[in-house]
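S.K.: Can you keep this structure in mind? I'll have questions shortly.
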Amino acid sequence: MTWVVFGVLPGYYFNKYLLKLTRPKESVVRFLAYLVILAAFTLLYTCIAIFILTKFVFKQ
């Protein structure tokens, strides 16, 4: 359970920072920028998590 919490914390704090940075409620362009950055972060974070799991946790 602790691994899940530690895995979610960077995404939570990045989202809080991104909301302050982009302020998506102000315009459609800011909202789309928020969505694009969030999608890129999600893809990158998932790739890093899979890499770490395959190289260090589930090594054979």
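S.K.: Of all alpha-carbon pairs in the chain, indicate the percentage at a distance above 17 angstrom.
M.R.: When every Cα pair of the chain is considered, 50 percent fall beyond 17 Å.
S.K.: Identify all lysines with a Cα-Cα distance to K25 below 24 Å; exclude those on the same chain that are fewer than 8 residues away in sequence.
M.R.: Filter leaves K16.
S.K.: Something else: What trypsin sites (Lys or Arg not before Pro) in the chain are in a loop by DSSP, with at most 10 other Cβ atoms within 10 Å of the Cβ?
M.R.: K25, K59
S.K.: Sorted by packing (mean other beta-carbon atoms within 10 Å per residue), highest first, where do 31-37, 42-48 land?
M.R.: 31-37, 42-48
S.K.: Multiplying the sequence separation of L21 and C47 by 0.36 nm and subtracting their Cα-Cα distance, what value in nm do you get?
M.R.: Gain on extension, L21 to C47, equals 6.9 nm.
S.K.: Convert each backbone phi in the range 25-30 into a coupling constant with the Karplus relation 6.51 cos²θ - 1.76 cosθ + 1.60 (shift: θ = phi - 60°), then list the ³J(HN,Hα) values in order as whole Hz, x for Gly and Pro.
M.R.: For the range 25-30, the Karplus curve yields 7, 7, 7, 5, 5, 5 Hz.
S.K.: Same structure, new question: Taking only Cα atoms, what is the 0 to 90° angle, nearest 10, from helix 2-22's long axis to the longest principal axis of the chain?
M.R.: 20
S.K.: What is the sum of charges, Lys and Arg at +1 and Asp and Glu at -1, for the other residues whose Cβ falls under 15 Å from the Cβ of A33?
M.R.: Result for the neighbourhood of A33: +3.
S.K.: What nm distance separates the two modelled labels at T2 and T54, each placed 7 Å from Cα along Cα→Cβ?
M.R.: 2.8
Computed from the coordinates by the stated procedures, all read-outs in this text should not be read as laboratory data. All values reported here derive from a predicted model rather than from experimental measurement. When we count neighbours, we look across all protein chains shown, and the Cβ atoms used for this are built from the backbone with ideal geometry, even at glycine.
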